[in-house]
1. For the range 141-202, with only Lys/Arg (+1) and Asp/Glu (-1) charged at the beta-carbon, what is the dipole magnitude about the Cα centre, in debye rounded to 20?
2. With the other protein chains left in place, how much accessible area per residue, in square angstrom, belongs to the range 75-172 at a 1.4 angstrom probe?
3. Carbon and sulfur: what percent of the range 131-190's accessible surface (1.4 Å probe)?
4. Taking square-rooted eigenvalues a ≥ b ≥ c of the alpha carbon gyration tensor, is the range 80-178 rounded, prolate or oblate, where a/c under 1.5 means rounded and, failing that, a/b exceeding b/c means prolate?
5. How far, in nm, would the chain grow between GLU48 and LEU179 when pulled straight, counting 0.36 nm per residue and subtracting the alpha carbon separation?
6. Highest mean first, what order results for 68-81, 183-196 on Cβ atoms within 10 Å?
7. Compute, for ASP200, the solvent-accessible surface of its heavy atoms (probe 1.4 Å) with the complete set of protein chains present, and express it in square angstrom to the nearest 10.
8. How many nm separate the modelled label positions at ALA123 and SER147, each set 7 Å beyond the Cα in the direction of the Cβ?
Amino acid sequence: MNERSPDPADRDRPGPAAGPTSLARTAAGLLVPAETDLIRYLHERATEVDPTSEPVLDGWRYPSPFHLLLDAGRLFTPAPLPPGAGPLLVTFCYTNAAQTIEDQEDPNLVYVEGYGSCTVESAVHHAPHAWATDGTHAIDPTWPADSGCAYLGIPFADPEMWPHPLYGDGILQQYATLLPILREGLPADAVADIGRPLPDLARRRTESAGPLNLTPSS
């Protein structure tokens with residue numbers, strides 16, 4: 001399997017308002033509206049997971065990939081593709097990201113995997129996704145950079161964990177690689193210290209938090 005289809009439940013959700021990008025101020029920094037919406041979506045999915053529903057989850061570090069991303073994920077800013085990169089086929093985001101890193105021959109590029117959101121025909125779609133990064137920007141050969149995208153994912157520091165650029169699948173999409181991470185947490189030094197950490201309010205543990213509100217009180 002490769003890139004998943006956007007969640008059908010998102011199809012009726014309105015996209016970001018047109019015009020200059022506005023910023024939603026939080027206690028720990030700035031989020032664009034698309035990032036706020038993506039974080040809220042992940043919290044909604046996380047609250048649907050009952051950590052006591054499956055005995056195998058007893059003692060696991062994370063009850064779901066949503067909890068993992070809200071704890072360890074980083075935010076990346078959309079940017080145009082560098083010269084000679086993509087665009088590539090829409091349904092192969094994991095191999096696309098790995099292929100772009102290989103083709104660019106840039107040692108500073110890192111593979112990132114998590115969730116992204118994009119706007120299609122005025123509706124916001126959230127989906128598992130992968131992209132490359134220079135440390136700050138989402139270099140995405142799969143989605144157009146002008147589609148109101150937001151990116152929240154884990155920058156994997158070890159190239160040995162990255163998918164094969166031709167036939168690999170996502171790290172978080174295969175039970176063989178996902179389940180050990182959910183059970184034990186990420187390996188030491190597995191995450192590159194790049195991207196923007198989520199504000200503390202957005203990272204709080206879902207099971208002990210009330211409704212998510214990223215807009216500061218007046």
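1. Around 160 debye, computed over the range 141-202.
2. Per-residue value: 40 Å².
3. Carbon and sulfur atoms account for 54 percent of the accessible area of the range 131-190.
4. It is oblate, given that a/c is not under 1.5 and a/b is not larger than b/c.
5. 45.3 nm
6. 68-81, 183-196
7. 110 Å²
8. 1.4 nm
The values are calculated or read from the model by the stated rules, or taken from the named source; none is laboratory data. Only a predicted model underlies this, so the values are computations on that prediction, with no experimental measurement involved. Note that each Cβ is placed from the backbone with ideal geometry, even for glycine, and that neighbours are counted across all protein chains shown. Note: accessible area is taken over every heavy atom of the protein model, side chains too, but ligands, DNA and RNA are not part of it. Shrake-Rupley method; radii C 1.70, N 1.55, O 1.52, S 1.80 Å.
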